[in-house]
Structures are given as structure tokens and as C-alpha cells.
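The block underneath contains the structure these notes are about, expressed in C-alpha cells.
The values are calculated or read from the model by the stated rules, or taken from the named source; none is laboratory data. Computed from a predicted model, the values in this text were never measured in an experiment. Reconstructed Cβ throughout: ideal geometry from the backbone, glycine too, with neighbour counts over all protein chains shown.
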Amino acid sequence: MKEKGKNVVIYEDNCIFEDNYKIGDNSIIGKDVVLAKSSVIKNHGQRNILVGKAIIGNCVKIGANCILLKGCEIGKNSYVGDMSFIREKTKIGENVSIGKGATIEHYVKIGDNTKLDSNVHITAFVTIENNVFIGPGVITTNDKRMGRTEKRLENRKGATIKKGARIGAGAILLPEIIIGEEAVVGAGAVVTKDVPDKKVVVGIPAKIIKDVPEEELLKNQ
């Protein structure tokens, strides 16, 4: 299967499209893009969301069996691992690495030079700033009412993860949490309240145990 929708713009320079791809209507694909086998760029999304064209920047690599919905944007030199799912109206910056099997819901913003490891779940309405590290299996949430009452639809908000923060494997971030600049969340922690800049938190619930060591700050890298 090799399917290309209507009004698709592909800058052919050094693009590699393997077998069984499908590109939805109004997509734009930059130069030096690799679209691995069985990848899908869809042209539909959640009802009642006005979405635009999908935009994939230069030198982006998209792994096998990925699904990208219409209206997402991926900046140049980024990588999307095999079997990842990226929903509509998500904006991913430049030099971003997304591991295998990641799920990134709608209206997510991911800054430049950020790394998301395998099997992360980034829920809708999350903001991730530049130079963030998110370990494997991290889960973010955005609904305090867990599916009950229509009021929940008015107040959904995911985490805000500030510049240079690092989230350890298997951590869980509750709705509306702010992870401060260069803060560190330990593996397996459950974060129930905001984490200040440059602090290390661990445990269930997560508690501050120390400052981030000076040699680990971005300015010293």
C-alpha cells in the first residue's frame, strides 16, 4: 500500500518512503525525511477540533508503524520511534527524540532538544519546554474527576514541565502539576504538587530530598 492524499506537498530531496505508507490530505513533508514502513499520517482527528495540515520538517525520521494525525507539526532533525502515536494539534520542536511506542495526545507542546523515552504517555494539554528528559514509561494525567461530570471538560489541564527538567522512569504526574526548571523527579515517583526549580523529589507522594547538584545543571554541560 502506497497512498497519498489530496494537496500533499513533499520536498523530494533525499526523502525515503518505505513500503505500506499512507499520507493524509494537506500534509507537508520536508527534505531528507525518512518515513519507515507501515507509517500513517492521517487526515482525521477528534470531533469538534479544527485542525490544519500536518507538517513534518527537514531531516525528520519516522519509525515503522507510526500514526500521525492531521494538524500535528514535527520540527527539523527530530526522530519518532516505531509504533508511536501523535495526535492532532500537537507541536513538536527541533532536535526532539521520541522513543518507541510513545503516545502523545492532542494540544501538546514539546520544546527543542527534548528527549522522551519509550512507552511514555503524554496526555492532552501538556507543555514540555526545551532540553527536558522524560524517562521510559512516564505517565501524565489531566482529569482530576477521572471521567465523571461534564464539568471536567472545562478544566482539563496537564502538567507543565519547565526547561531542563528531568523525569525518571515510571513516574506519574497528576493534573496541573508544574515541574520547575532543571528539577528532577525520581523513578517511580507520584507527583501530587508543584516541584520547585532545581529540586530533587522522590517517593509516593513525591517529596523534596535535596537540591540538584551544581555539576548537573545545563549551564555546566
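Of everything in the stretch 114-132 that is among the hydrophobic types (A, V, I, L, M, F, W, C) and assigned to a strand (DSSP E or B), the residue that is farthest from Asn155 (Cα to Cα) is Leu116.
Give the stretch 32-56 a look and list any residue that's in a loop (DSSP other than H, G, I, E, B), touching an Asp or Glu at 6+ places or on another chain (Cβ under 7 Å) and at pLDDT 70 or above, or say none. It would help to see each step written out before you state the result.
Filtering the stretch 32-56 for residues in a loop (DSSP other than H, G, I, E, B) gives 32-33, 36-39, 42-54.
Cutting the leftovers down to touching an Asp or Glu at 6+ places or on another chain (Cβ under 7 Å) gives us 32, 36-37, 43, 45-46, 49, 51.
The answer is Asp32, and nothing else.
Taking the conditions (1) in contact (Cβ under 8 Å) with a residue 60 or more places away in the chain; (2) on the phi > 0 side of the Ramachandran plot in turn, Leu218 satisfies each one other than (2). Within the stretch 151-158, not a single residue is under 16 Å from the mean Cα position of the chain (by Cα), in a strand (DSSP E or B) and not polar (S, T, N, Q).
Only residues that are outside any loop (DSSP other than H, G, I, E, B) and either more than 30 Å from Gln221 (Cα to Cα) or of a type in the set (A, V, I, L, M, F, W, C) (or both): list them for the stretch 83-113, please.
Keep residues of the stretch 83-113 that are outside any loop (DSSP other than H, G, I, E, B), which gives 85-86, 91-92, 97-98, 103-104, 109-110.
Passing the criteria: Phe85, Ile86, Ile92, Ile98, Ile104, Ile110.
Please go through the stretch 1-14 and give me each residue that is surrounded by fewer than 17 Cβ atoms within 10 Å (Cβ to Cβ) and either at pLDDT 75 or above or not aromatic (Phe, Trp, Tyr) (or both), ordered by number. Reasoning before the result, please.
Here is the first cut: in the stretch 1-14, the residues surrounded by fewer than 17 Cβ atoms within 10 Å (Cβ to Cβ) are 1-7, 9, 11-14.
Matches in the stretch 1-14: Met1, Lys2, Glu3, Lys4, Gly5, Lys6, Asn7, Val9, Glu12, Asp13, Asn14.
Would you say Asn131 is modelled with pLDDT of 95 or more, touching a helix residue (DSSP H, G or I) at 6+ places or on another chain (Cβ under 7 Å) and not aromatic (Phe, Trp, Tyr)? Show your work before the answer.
Values: modelled with pLDDT of 95 or more: yes; touching a helix residue (DSSP H, G or I) at 6+ places or on another chain (Cβ under 7 Å): yes; not aromatic (Phe, Trp, Tyr): yes.
It is true that Asn131 is modelled with pLDDT of 95 or more, touching a helix residue (DSSP H, G or I) at 6+ places or on another chain (Cβ under 7 Å) and not aromatic (Phe, Trp, Tyr).
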